[in-house]
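Engineer: The structure that follows is given in the form of C-alpha cells.
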C-alpha cells in the first residue's frame, strides 16, 4: 500500500515541478487527475511517456455547454507503477481544436477520429480525422454535444410504433396512470422550483 | 366412394397443389442466414447446439444470402446496418422469410429514443414472425421458428409477396429513414 | 496480378459480430485491410446521459454482448468511486464469482469460436454445450441468462440462492476433468496447430504503440500485466492465482494463455467459495427513492480486466440525477481498429477471421 | 438400337440409385456426426428435403454461362455415373467400366461447375474455383500413382475385372490390405476428393463464404447438390471397386460403401481445415512419397501381401 501511495506522490512531483497545473485531484491510490492548460498537454504527455506511462487507455471529451467549453481527457497508464493519470484540458467550444497526439501515442488515431465525429473537435496532425468512422451519412450536429436531442432526431426520422387505445374507462374515474403522471409532474415542479 | 374418373384440374388448382408440396419441403428445411445485427444473436448458439439442437427441425446456418431461406434479424438495427440488411434481403432467393428478434425490432425497445437505431423493422422489410423479449431466451427463439413453420403451412408467411406488391411503400420508408439506400465505399472512393 | 477487394462481413460466417473487414488481396495475401465499425452504433454514451443513475444499470450490460458482467462491474466501480460507497465484504466475493464465471463463459465461447474459422465444428459444439451450463447457473443466481443486471453500485442485487454452490462445484469439476480433452481436440490437434502456429503475430515491439491489453499483450511481452494483479479491485489481492504469459505472440500462444486462464478462473471461484464471509450484500445507495438518487460531482475512470483487456468507464457527474458524461473504453478497440489496419496485411485471407477470433474483437464495444 | 436405349435407361437408373443411396447415407451420417457433436442430429431423410426444397425455390440468374454451366455439371456427372458398376457383374454398360473413363468424364462435370461459378462474377467464387482446381492437382497425383501400380500389377483397368480379381483371391484379399501404403494414400486422397476436412479449402465458409457456391441459390444450388451427391457416389464407388474388392452382390456394395463414407466422415469431424498452400505441400510430401515407395516395392521388388 505504501508503495502505491508513493506512486501517486511520484507523479504529482513529476508533473507539478515542471508544469503549472490548474488543479490536482487524487482520486484513489491508483488514479490521479491533472487539469492543465491546452499548451502544456503535449509536453506533459511526452514527459509521462518517457517516464513509463506508455499506454494511452482512453481519449475523449466532455461537453460543458454552460461554460461554453469542451474538456478533452487523456487517460494514460503505466503497468509497472500502476497509476492511471487523467490529463484534462479545456477548449473553447466555438473553435475547438487541439493538435493531435499521434506522434506521442500512435494508438490515439481512432480515438481522435471518434472524438471529432461525436463532438466536432478538430485534431490537426491526424491524417484522417475528418472522415466518418462510426456514423454514416450523418446530417445533424455531432451527436454527443449536449444541445443535440436524440429523441427529437429519432421522432423526425423514424416512425414509432402506434398502439391502439382499445380499452374504455368504465366508471369514469381518473385513470391511475394519469394520476401518477400528474403526481410526478407536481413533484418535478416542486423540485426544480417551477422551472421547465 | 371416390370416383376413379379422371377430372382435369384447373391450372390454379395444379399450381396450388404444387405450392403445397413445396411448402412441405420449405418448412422442413429452413436454412437461416444469421446476420448478427444485434445482441440477440448470442442466444442462437445455444439454440443450435446440444441444448436445443435446431437441426432436428431441419434448420441450419448458411453462408451467403443466396442460399438461405430465413433472414434472422437479431436485434436492433442501426442505420448503417439497415442499408446492408436491405441489400442482403433483396439478394435472397424467393420464397424468403424474415424473423425479427427482440423488442428492438418491434418498437425500438430500450433504444427507442436513440439517434442511430430504427424503431420498427416491418416498415423497411416485411417481417413474418417477431420474437419478443430483451433478450428472448432460447425457448422463445425455438418457439418463434415453430410459429414460422406453422405460418408457412397455413400459407400466411407472405412477407416476400408483400414486398413485391407494396414495393413503393417500402422503398419510400427506406428512403425517408436512410436518405439513400446505396452504400458508398468508405475506403475506396 | 491486380489487387482485388474482398469483404469479411458484416454478413459473413467467419465474422463474429457485426463489423466488416475490407481487404485488398493479391492472390491469397492481404495487402491492405481496414475495419469498418459502426454497424452496432446505438448511441450508448448519449443514451446513458439521458437515463437516471439507477436506470443505467439495465442499460450498461448491453454494451458488450458476450461479456456483460465486466460492464456492470466497471460501471459500479466508477459510481462507487465518485459516490464513495463502501461495498460489503461478501458482495466483493460474489462479484468475483460472477466475473470469473463470465470469463469462463467467454473463454469457452471464443475457444469454441476457434472452430468456426478453422472448420472444426465439433469443438464449437462442445464448448457451447459447456457455456450453456454456465448460462443456466447464471439464470439460477440472477434470473437472467445473458444480461444479468446483478452487479449494481453498492454491492450485488441479491444474495446467492441456497444450494448454488453444489451446482457450481459440479460444473467446475466437470470442466476441469475435461480440460485435457479440450486441449486435445483443439490446440493439440495437428490440423489446428498448422493454422495457428507462427502466424498472425503481434510483434512485441508494437504492443504499446497500439495500446493492446489483455491476452493479446500478455502473450507478447511475457509479463503478468493483468489488472487483477497490477491494480487489484474487488478482493483479487486476497486470492492466489497466476497470470499465464508467453513471449511469442502467435495465435497459438494467445489461445494457450486463454486455456490456462480457464484453469485459473476455476481455482479463483473455488477459493472465493471458501473464503466468502457471511453478511450483507448491498449497501443502500440512497435514502428514500432510488430514482431520485444523485451522485456528487466528480470524475472517475474505473477499469476491470475483461477477457480481451482493460475495459474502462470514464464517468463525469455534475451532481445531478443523471450522469453528465459516460465514456466507454472498449477493450478490443485497439486490436480491432488499429490491429486490423497495421498487422493483418501480409497474412493470408484465411487468417483474417482467426485474428478476429483469437484477439477477441468484440464489435459492439467498439461501436457502442 | 433398342438395346442401346435400354442400356442408357439402365445407366440413368444407376445414376438414380447412386443419388438415392448417397443422399440417404449422407443423411444418416449427419446424424452420426451430430452424435459426435453431442446433439441429436436431423432426420435421416433431411438431405432429400433440402434438395427438393431448393428445387422448389425461385432463383436468379447471372447470365447464360452461369445457367449452362450448372446443367453441364449435372449432365456430365450423370453421364459419368452411368458407367459405374454397382456390383462386379451388375452394370449398365458392360465392358466400358474402365478406370480412365471416369477420370476423363468426371472432369466434364467439374469443368462445368468451374465455368458456371466463374460466370457468376463473384471474386469469392473465382478464388474458390482456383482453390478447388489446385486441390485437385494436389490429390490426383498420389492417387494416380497408386492406381497405376494396381493396373500394372493386374494388367487390367476395368473396375469389374479388378473386383473379380480381388474376390478370386479369397476373403479380404483387397488392395487396401495388399498394398498397405497405397491404401493409406488412397484414403487420404479420397478425403481430398470428397472435400472432407482437413482438405476442404475450397468450400471454407469462414474464409470465402462457401467458395464456388457463393452466388447459387434456389434451383441452381439444388442441381449442384444433386451433382455433389452423385460425385460422391462415383468417388466412393471407385474406392470400393479399386481397393475394397468390389462387391459380389448389391448388399455388400452398400455395406462397404456405408463403411467407407462413415469412416471418412467421422475422421473429418475432428479435424480443422488447412490452408490451401498447406494442403498442396502436404499432398506433395507424405502421400506422394508413400505412393512412390509403394509403387517401387510392389512393382520392382514384388512384395505384395
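Engineer: State the percent of C-alpha pairs, over all pairs in region B:32-178, separated by a distance greater than 22 angstrom.
Structural biologist: 34 percent
Engineer: Place a point 7 Å from Cα of residue C:248 in the direction of its Cβ. Which residues in region C:178-218 have their backbone N less than 12 Å from it?
Structural biologist: Answer for region C:178-218: C:197-199.
Engineer: For chain C, what is the mean residue ellipticity at 222 nm derived from helices alone (per DSSP H run of n ≥ 4: -39500 (n - 2.57); sum divided by total residues; nearest 500 deg cm²/dmol)?
Structural biologist: After summing the helix terms and dividing by the residues of chain C, the value is -13000 deg cm²/dmol.
Engineer: Right, next: What order do you get for C:127-134, D:14-21 when each peptide is scored by the mean count of other beta carbon atoms within 10 Å, highest first?
Structural biologist: Output ranking for C:127-134, D:14-21: C:127-134, D:14-21.
Engineer: Related question: For region D:112-193, what is the Kirkwood hydrodynamic radius in Å, using each pair of distinct C-alpha atoms?
Structural biologist: Taking every pair of different Cα atoms in region D:112-193, averaging 1/r and inverting gives 14.9 Å.
Engineer: Tell me the mean residue ellipticity at 222 nm calculated for chain A from its helices only (DSSP H runs of n ≥ 4, each -39500 (n - 2.57), averaged over every residue, nearest 500).
Structural biologist: -10000 deg cm²/dmol
Engineer: If R₀ is 56 angstrom, what is the calculated FRET efficiency for the pair residue B:18 and residue A:170, using the beta carbon separation as r and rounding to 0.05?
Structural biologist: 0.60
Engineer: Next up: From the Cα trace of region C:1-158, what convex hull volume per residue do you get, rounded to a whole Å³?
Structural biologist: Considering the Cα atoms of region C:1-158, their hull volume per residue is 132 Å³.
Engineer: Okay, next question. In peptide C:111-123, what is the residue-averaged number of other protein chain Cβ atoms found within 10 Å of each Cβ?
Structural biologist: Partner-chain Cβ atoms within 10 Å, mean over residues of C:111-123: 5.
Engineer: What average number of partner chain Cβ atoms lie no more than 10 Å from the Cβ of the residues making up A:66-79?
Structural biologist: Across the residues of A:66-79, the mean count of other-chain Cβ atoms within 10 Å is 3.
Engineer: Something else about it: Among C:359, C:276, D:7, which comes first, second and so on when ranked by fewest other beta-carbon atoms within 10 Å?
Structural biologist: D:7, C:276, C:359
Engineer: Please state the shape class of region D:1-138: rounded when a/c is under 1.5, otherwise prolate if a/b exceeds b/c and oblate if not, all from the C-alpha gyration tensor.
Structural biologist: It is oblate, given that a/c is not under 1.5 and a/b is not larger than b/c.
Engineer: Roughly how compact is region D:2-301, stated as its Cα Rg over 2.2 N^0.38 Å to two decimals?
Structural biologist: So region D:2-301 has a normalised radius of gyration of 0.99.
Engineer: What relative contact order, as a whole-number percentage, does chain C give when Cα pairs under 8 Å and 6 or more residues apart are counted?
Structural biologist: Relative contact order, chain C: 28 percent.
Engineer: Can you say what percent of the DSSP beta bridges in region C:226-320, counting only those with both residues inside, are antiparallel? Round to 5.
Structural biologist: The antiparallel proportion sits near 100 percent.
Engineer: Still on this structure: Quick check: the distance between the Cα centres of region A:97-128 and region D:271-305, to the nearest angstrom?
Structural biologist: 57 Å
Engineer: Which of the three applies to the protein assembly as shown, rounded, prolate or oblate, going by the alpha-carbon gyration tensor with a ≥ b ≥ c and a/c under 1.5 meaning rounded?
Structural biologist: Judged from the Cα gyration tensor, the protein assembly as shown comes out prolate (a/c at least 1.5, a/b above b/c).
Engineer: Here's something else I'd like to know. How many percent of DSSP beta bridges within region B:69-189 run antiparallel, rounded to 5?
Structural biologist: If we restrict to bridges inside region B:69-189, about 10 percent are antiparallel.
Engineer: How far apart, in nm, are two points set 7 Å out from the Cα along the Cα-to-Cβ line at residue D:250 and at residue C:297?
Structural biologist: For residue D:250 paired with residue C:297, the spin-label model returns 9.1 nm.
Engineer: Can you tell me, using C-alpha contacts under 8 Å and at least 6 residues apart, the relative contact order of chain A as a whole percent?
Structural biologist: Contact order relative to length: 14 percent.
Engineer: Hey, could you pull the Cα Rg and Dmax for region C:179-306, both in Å?
Structural biologist: Rg and Dmax of region C:179-306, Cα atoms, are 19.7, 62 Å.
Engineer: Quick one: compute the contact order of region D:68-153, relative version, from alpha carbon pairs under 8 angstrom and 6+ residues apart, as a percent.
Structural biologist: 32 percent
Engineer: Along each principal axis of its Cα atoms, how long is chain C end to end? Whole angstroms, biggest number first, please.
Structural biologist: Sorted from largest, the Cα extents of chain C read 71, 45, 34 Å.
Engineer: What value, in deg cm²/dmol to 500, does the helix sum -39500 (n - 2.57) over DSSP H runs of n ≥ 4 give at 222 nm once divided by the residues of chain D?
Structural biologist: Rounded to the nearest 500, it is -24000 deg cm²/dmol.
Engineer: For region C:263-331 and region C:117-150, what is the separation of their C-alpha centers, rounded to whole Å?
Structural biologist: 24 Å
Engineer: Once both axes come from the Cα atoms, what is the angle between helix A:2-18 and the longest principal axis of chain A, in degrees from 0 to 90, rounded to 10?
Structural biologist: 80 degrees
Engineer: As an exercise, use a Förster radius of 35 Å and the Cβ-Cβ distance of residue A:39 and residue C:342 to find the FRET efficiency, rounded to the nearest 0.05.
Structural biologist: Efficiency at R0 = 35 Å is approximately 0.70.
Engineer: Tell me, C:114, D:105, B:77 in order of fewest to most beta-carbon neighbours within 10 Å?
Structural biologist: Starting with the residue having the fewest Cβ neighbours, the order is D:105, C:114, B:77.
Engineer: Under the definition of partner shielding as Cβ atoms of other protein chains within 10 Å of a residue Cβ, what is the mean value for peptide C:310-323?
Structural biologist: 2
Engineer: If you restrict to DSSP beta bridges whose two residues both lie in the protein assembly as shown, what percentage is antiparallel, to the nearest 5?
Structural biologist: Of all bridge pairs located within the protein assembly as shown, approximately 75 percent are antiparallel.
Engineer: What is the distance in Å between the Cα centres of region C:23-95 and region D:4-64?
Structural biologist: What the calculation gives is 46 Å, centre to centre.
Engineer: Here's another thing I want to ask about it. Can you check what the Kirkwood hydrodynamic radius comes to for region A:49-126, Cα pairs only, in Å to one decimal?
Structural biologist: With all distinct Cα pairs of region A:49-126 included, I get 12.9 Å.
Engineer: Further question: Among A:42, A:160, what is the fewest-to-most ranking by other Cβ atoms within 10 Å?
Structural biologist: The most exposed by this proxy come first: A:160, A:42.
Throughout, read-outs are computed from the coordinates displayed, never taken from laboratory work. Computed from a predicted model, the values in this text were never measured in an experiment. Using ideal geometry, Cβ is built from the backbone for each residue, glycine included, and neighbour counts are taken over all protein chains shown.
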